[in-house]
1. As a test question: what accessible area, to the nearest 10 Å², does Ser42 have when a 1.4 Å probe is rolled over all protein chains in place?
2. Using a 7 Å offset from the Cα along the Cα-to-Cβ direction at both Tyr20 and Ser65, what is the distance between the two label points in nm, to one decimal?
3. Which of the aspartates and glutamates could a cross-linker span from Lys14 if the Cα-Cα distance has to be under 13 Å and same-chain partners fewer than 8 positions apart are dropped?
4. If I ignore ligands, DNA and RNA and count only protein heavy atoms, how much of Thr57 is accessible to a 1.4 Å probe, in Å² to the nearest 10?
5. Among the GluC sites (Glu not before Pro) within region 1-30, which fall in a DSSP loop and have no more than 14 other Cβ atoms within 10 Å of their own Cβ?
6. Quick one: dipole size for the chain, taken about the Cα centre, charges +1 on Lys/Arg Cβ and -1 on Asp/Glu Cβ, in debye to the nearest 20.
7. Remind me, relative contact order of the chain in percent, using alpha carbon pairs under 8 angstrom and six or more residues apart?
8. What aspartates and glutamates could a cross-link reach from Lys60, if we take a straight Cα to Cα line under 14 Å and drop same-chain neighbours fewer than 8 places away?
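The values are calculated or read from the model by the stated rules, or taken from the named source; none is laboratory data. All values derive from a computational prediction rather than experimental measurement. Glycine gets a Cβ as well: all are built from the backbone with ideal geometry, and neighbour counts include every protein chain shown. Note: areas computed on protein heavy atoms with side chains; ligands, DNA, RNA excluded. Shrake-Rupley method; radii C 1.70, N 1.55, O 1.52, S 1.80 Å.
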Amino acid sequence: MTRAPAEEFEARAKARVGNYDASEFSGYVSGAVSENVTARLSGSTSETDGVYKDTVTGNKGKDESDALR
């Protein structure tokens, strides 16, 4: 379930890194757009080189994901 927008401005950012060149970044901003309207925007991106290698092509099992709402 999506969290409701805040009436006061708030923001958060998070970054993580790990094995196999893994990285993940996410964050959000929330607050009043006008006197009667509030909004919240959040997004994330993640990427990894994977833990396996295709023996035929030599490609790594890369994985990428992006989200915005």
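1. 30 Å²
2. The modelled label-to-label distance comes out at 1.3 nm.
3. Cα-Cα hits under 13 Å: Glu24.
4. 80 Å²
5. For GluC sites (Glu not before Pro) across region 1-30 that sit outside H, G, I, E and B with at most 14 neighbouring Cβ atoms in 10 Å, the list reads Glu7, Glu8.
6. In total the dipole reaches around 140 debye.
7. 26 percent
8. Asp21, Glu47, Asp49
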